[in-house]
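Have a look at the structure below, then the notes.
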Amino acid sequence: MGEHKEKELMTEREVREMIRISRTTLWKLRKNEGFPFTKVGRQYRYSKKEILEWMKERKGKKIEVKAAKPRQNALADKPRQNVPAGKPDNIDKKEISKEIAKGPSQLQGQEKGSAKEPEGTTNEKK
């Protein structure tokens with residue numbers, strides 16, 4: 001009991017700090033490069049001994065950290081259906097820009113002079 005053993009398993013943070021990589025890079029190494037890990041529940045754990053062996057096998061070799069393959073989206077190839085008129089797919093950006101340029105007193109549904117303007121902003125001469 002008096003002898004202190006080195007920890008068998010390391011957390012993700014400990015591994016990232018040890019080899020100075022980001023969370024994303026560690027995820028890519030795990031996913032694409034066979035980086036050794038053990039899953040405990042929903043958390044990943046790493047054996048320092050296995051990591052050092054994995055790195056020793058690759059010493060002097062460039063490790064390609066490729067982007068993970070994108071997931072297949074079952075809905076990606078299907079056309080959108082039942083999109084009501086006036087929703088984002090049918091918005092005319094030029095028309096919106098014209099309406100905005102008109103100013104608040106000329107927007108649809110407002111009568112001229114119905115919007116209260118702050119003092120000193122009117123163009124009327126007294």
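Looking only at residues in the range 22-52 that are surrounded by 15 or more Cβ atoms within 10 Å (Cβ to Cβ) and among the β-branched types (Val, Ile, Thr), which one is farthest from Leu9 (Cα to Cα)?
In this case the residue turns out to be Thr25.
Could you tell me whether the range 69-85 includes any residue that is within 19 Å of Leu9 (Cα to Cα) and either modelled with pLDDT of 60 or more or touching a strand residue (DSSP E or B) at 6+ places or on another chain (Cβ under 6 Å) (or both)?
No, that holds for no residue.
Taking the residues in the range 5-15 that are surrounded by 16 or more Cβ atoms within 10 Å (Cβ to Cβ) and assigned to a helix (DSSP H, G or I) as candidates, determine which candidate is nearest to the chain's Cα centre (by Cα).
Step by step, filter the range 5-15, then rank; the result is Glu12.
The values are calculated or read from the model by the stated rules, or taken from the named source; none is laboratory data. Here the structure is a predicted model, which means the values were calculated and not measured. FYI the Cβ positions are ideal-geometry reconstructions off the backbone, even for glycines, and counts take in every protein chain you see.
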